[in-house]
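As structure tokens, the structure follows; a few thoughts come after it.
Every read-out reported here was derived from the displayed coordinates using simple, explicitly stated rules and does not represent laboratory data. Predicted model, so just to flag it, every value in this text is computed and none were measured. Here the Cβ positions follow ideal geometry from the backbone for every residue, glycine too, while neighbour counts run over all protein chains shown.
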Amino acid sequence: MSGNNNRLPVVPTVTVLAIMKGRLLGASKGHALLKKKADALNMKFRKILRKIVEAKERMGGVMKESFFSLAQAKYRNGDFRHTVLDNVDVATTTVSTASENVAGVKIPKLSCVVREMGNGG
């Protein structure tokens, strides 16, 4: 029989019964821990997904306003891209990365860091 390759040799003794009960208990605890881990990761995923959807909804209106403002500025001043690039030394908005541990799984966490511009430019 080819299906017997993955079976354990079990002798009908009290010692083997205790060993098998211990293995069953360990397997049950391991399964429960994996289930909790999967549930925690699913909750975190849904939370992140909810934030993404909210940000996309807000971004629609903001992008509409920004394109309109850019069109107004180009109409009034012409091509001013080189002037802006020459006057900027340091980025005011950067992205910082960190690692967050959720149920033993490391998840990258990105955050936006906005620096205030000084009076010098």
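Restricting the calculation to Cα atoms, region 1-60 shows an Rg/Rh of 1.43 when the hydrodynamic-style radius is the Kirkwood one. Ordering V113, S66, L25 by Cα displacement along the dipole of the chain toward the positive end leaves L25 in first place; charges were set at the Cβ atoms of Lys, Arg (+1) and Asp, Glu (-1).
Give me the dipole magnitude in Debye, nearest 20, for region 1-67 about the Cα centre, with unit charges on the beta carbon: positive for Lys and Arg, negative for Asp and Glu. Don't skip to the end; give the middle numbers.
Numbers: 15 positive and 4 negative charges, 29 e Å.
The calculation lands at about 140 debye.
Just so you know, the Rg over Rh for the chain is 1.37, from Cα atoms, with Rh as the Kirkwood radius.
For region 39-94, compute Rg over Rh where Rg is the Cα radius of gyration and Rh is the Kirkwood radius from the inverse mean 1/r over Cα pairs. Rg/Rh for region 39-94 comes to 1.24. Of the Cα atoms belonging to region 77-121, the radius of gyration and Dmax stand at 17.4, 54 Å. Relative to the longest principal axis of the Cα atoms of the chain, the long axis of helix 14-77 lies at roughly 10 degrees. Here each label is just a point 7 Å from Cα along the line to Cβ, and for V114 and N87 those points are 2.0 nm apart.
Cross-link reach is defined here as a Cα-Cα straight distance under 18 Å, omitting same-chain residues fewer than 8 places apart; for K36 the aspartates and glutamates meeting it are E100.
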